[in-house]
Amino acid sequence: QLPLAEDPRFATTVMVVSGGYPGSYSKGEVITGAEDAVNAILFHAGTSRADDGELVTSGGRVIACSAYGKDIDEALANSYAAADTVEFAGKYMRRDIGQDLKKLS
């Protein structure tokens, strides 16, 4: 049995998706900027490597940008800042994620 460890920080995730998702969307779009994200953890979901080694899209949900903060505002700011570094043709992300949670912090 493992002990439960609690963390007092808030955590948020903003999902970067392919334009058109959940409907049809293109694959193989070159992804840049993911390596420039700071204060966040990027979880690759719909990504793969092209034959030349470039990072490309391979699914609708491309990258989850998760971050901590002392409150919801800081965590969201860190998640959105990381998501803003990720670029590819057709990139889309919702800008309302977490707004309903701000009253809790």
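Restricting attention to the range 24-37, the residues that are farther than 24 Å from ASP96 by Cβ and within 11 Å of the chain's Cα centre (by Cα) add up to 0. Inclusion of LEU2 among residues that are of a type in the set (A, V, I, L, M, F, W, C) and either modelled with pLDDT of 95 or more or assigned to a helix (DSSP H, G or I) (or both) is not warranted. Among what's in the range 72-105 and is surrounded by 14 or more Cβ atoms within 10 Å (Cβ to Cβ) and acidic (Asp, Glu), pick the residue that is nearest to ARG9 (Cα to Cα). Only one residue tops the list, namely GLU74.
Among the conditions (1) outside any helix (DSSP H, G or I); (2) touching a strand residue (DSSP E or B) at 6+ places or on another chain (Cβ under 8 Å); (3) not small (Gly, Ala, Ser), the only one that TYR80 does not satisfy is (1).
Within the range 38-61, the set of residues being small (Gly, Ala, Ser) and over 12 Å from the mean Cα position of the chain (by Cα) comprises SER48, ALA50, GLY53, SER58, GLY59, GLY60.
Would a scan of the range 65-79 turn up a residue that is more than 24 Å from ASP100 (Cα to Cα), free of Cβ contacts under 8 Å to residues at least 40 places away in the same chain and of a type in the set (Asp, Glu)?
At the first step, the residues of the range 65-79 found to be more than 24 Å from ASP100 (Cα to Cα) are none.
No: zero hits.
Filtering the range 13-48 to residues that are polar (S, T, N, Q) and either closer than 11 Å to GLY60 by Cβ or part of a loop (DSSP other than H, G, I, E, B) (or both) leaves SER18, SER24, SER26, ASN39.
Does any residue of the range 15-35 turn out to be of a type in the set (Phe, Trp, Tyr) and either at positive phi or surrounded by 15 or more Cβ atoms within 10 Å (Cβ to Cβ) (or both)?
Kept after step one, since they are of a type in the set (Phe, Trp, Tyr), are these residues of the range 15-35: 21, 25.
Then drop every residue that is not either at positive phi or surrounded by 15 or more Cβ atoms within 10 Å (Cβ to Cβ) (or both), which leaves 21, 25.
Looking for residues that are of a type in the set (Phe, Trp, Tyr) and either at positive phi or surrounded by 15 or more Cβ atoms within 10 Å (Cβ to Cβ) (or both), one finds at least one in the range 15-35, hence yes.
Just one of (1) touching a strand residue (DSSP E or B) at 6+ places or on another chain (Cβ under 8 Å); (2) on the phi < 0 side of the Ramachandran plot fails for ASP52. It is (1).
Per-residue answers, yes or no, for (1) more than 18 Å from ASP36 (Cβ to Cβ); (2) modelled with pLDDT of 95 or more; (3) among the aliphatic types (A, V, I, L, M):
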residue: ALA82; (1), (2), (3): no, yes, yes
residue: VAL86; (1), (2), (3): no, yes, yes
residue: GLY90; (1), (2), (3): yes, yes, no
residue: LYS103; (1), (2), (3): yes, no, no
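The values are calculated or read from the model by the stated rules, or taken from the named source; none is laboratory data. In this text, all values refer to a predicted model and were calculated from it rather than measured experimentally. A quick note on method: Cβ atoms are made from the backbone with ideal geometry, for glycine too, and the neighbour counts reach across all protein chains shown.
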